[in-house]
Amino acid sequence: PPEKKVRFTSNILPRWARRSRSLDALLPVLYLRGVSTGDFQEALAALLGADAPNLSPSAIARLTASWQDEYARWQHRDLSARSHVYIWADGVYLQARMEPQAECMLVIIGATPEGKKELLGFQVGVRESAQSWRELLVDLKARGLAVPPELAVGDGALGFWKAMDEVFPGTRHQRCWFHKAANVLNHFPKSMQPAVTADLREISHAETRAAALAAIETFREKYVAKYERGVACLTKDTEALLAFYDFPAEHWDHLRTSNPIESVFATVRHRTVRTKGA
């Protein structure tokens with residue numbers, strides 16, 4: 001009698017699928033690391049062996065379309081179920097291909113009361129204008145971010161702070177120490193910058209607000225006679241630079257700067273620099 005056919009069933013792939021979910025997740029990581037779509041097959045062969053699945057241009061196009069759909073859903077997700085006590089905001093500039101101007105991505109990251117950081121939203125803006133920031137903040141508020149964050153961390157971009165005061169007027173300001181230090185150092189000769197950097201760190205990493213204020217006064221007395229503009233650059237934002245002292249000490253390292261955004265988008269910047277394509 002004829003043998004009964006037995007259908008093969010994979011424990012890894014669902015029915016009719018040719019790639020595992022883990023492989024689909026690997027492809028955008030390879031792309032961000034600088035591998036162009038035309039080189040995917042060679043990269044996969046090196047990782048998975050000679051039997052790596054062949055990715056045709058049409059397969060890449062379908063994957064790209066699915067990622068666009070995921071991004072569209074993410075941009076419209078409901079935020080009402082979560083609250084965020086801190087937010088970080090910054091403009092990430094990407095010089096892709098041969099465009100005369102770098103595109104600016106406005107990025108906001110939030111921290112929940114449990115301490116988890118989440119990417120809240122981002123969009124391409126007109127540099128860092130107040131209107132662009134306002135559009136992003138209003139969109140987040142309309143999707144459920146109704147409770148104002150306790151503290152917002154950002155650099156000296158006036159557009160963001162103006163929009164923030166209009167949309168979330170109760171949120172306190174914390175200026176980024178990394179950006180402020182760079183601005184202050186611009187007013188000092190290069191030969192003095194290592195010493196000035198050490199003095200600025202004495203302020204930003206003081207154990208208490210009182211100690212930080214005393215260090216600011218020492219900085220002023222030390223440099224005001226010859227570098228008045230550098231001292232003024234620091235002292236004009238004293239309140240916003242020291243706001244983090246009113247929050248739990250274990251959070252201070254995270255609240256002093258907007259570096260959480262830089263670390264999240266490091267791979268995006270790396271890809272843009274490597275291949276000139278975003």
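Here, each number is a calculation from the coordinates, and none is a lab measurement. Bear in mind the structure is a predicted one, so any value in this text is a computation, not a measurement. Positions of Cβ are backbone-derived with ideal geometry, glycine not excepted, and every protein chain shown enters the neighbour counts.
Couplings 3J(HN,Hα) of region 241-253, computed from phi: 6, 10, 4, 5, 5, 7, 10, x, 4, 5, 9, 4, 4 Hz, in residue order, whole Hz [Karplus 6.51 cos²θ - 1.76 cosθ + 1.60, θ = phi - 60°; x for Gly and Pro]. Quick one: net charge around Thr197, please, counting Lys, Arg +1 and Asp, Glu -1 for every other residue with C-beta under 15 Å from its C-beta. After counting each charged neighbour, the total is +3.
In this rough spin-label picture, where each label sits 7 Å from Cα along the Cβ direction, the Trp74-Lys141 distance is 2.5 nm.
Taking a ≥ b ≥ c as the square roots of the eigenvalues of the alpha carbon gyration tensor, region 126-181 is oblate, as a/c is not under 1.5 and a/b does not beat b/c.
Determine the sum of side-chain charges near Gly170: Lys and Arg each +1, Asp and Glu each -1, restricted to other residues whose C-beta is under 15 angstrom from that of Gly170. So the environment of Gly170 carries a net charge of -2.
Each Lys or Arg adds one and each Asp or Glu subtracts one; over the other residues with Cβ under 10 Å from the Cβ of Leu106, this totals -2. For region 114-188 and region 71-96, what is the separation of their C-alpha centers, rounded to whole Å? One Cα centre to the other: 11 Å.
Sorting Trp74, Trp88 from the fewest to the most surrounding beta carbons within 10 angstrom yields Trp74, Trp88.
For Arg172, the residues whose modelled amide H falls within less than 5 Å of its own, excluding neighbours fewer than 5 places apart on the same chain, are Leu151, Ala152. Potential lengthening of the chain between Lys236 and Phe178 amounts to 19.3 nm, from the contour at 0.36 nm per residue minus the alpha-carbon distance.
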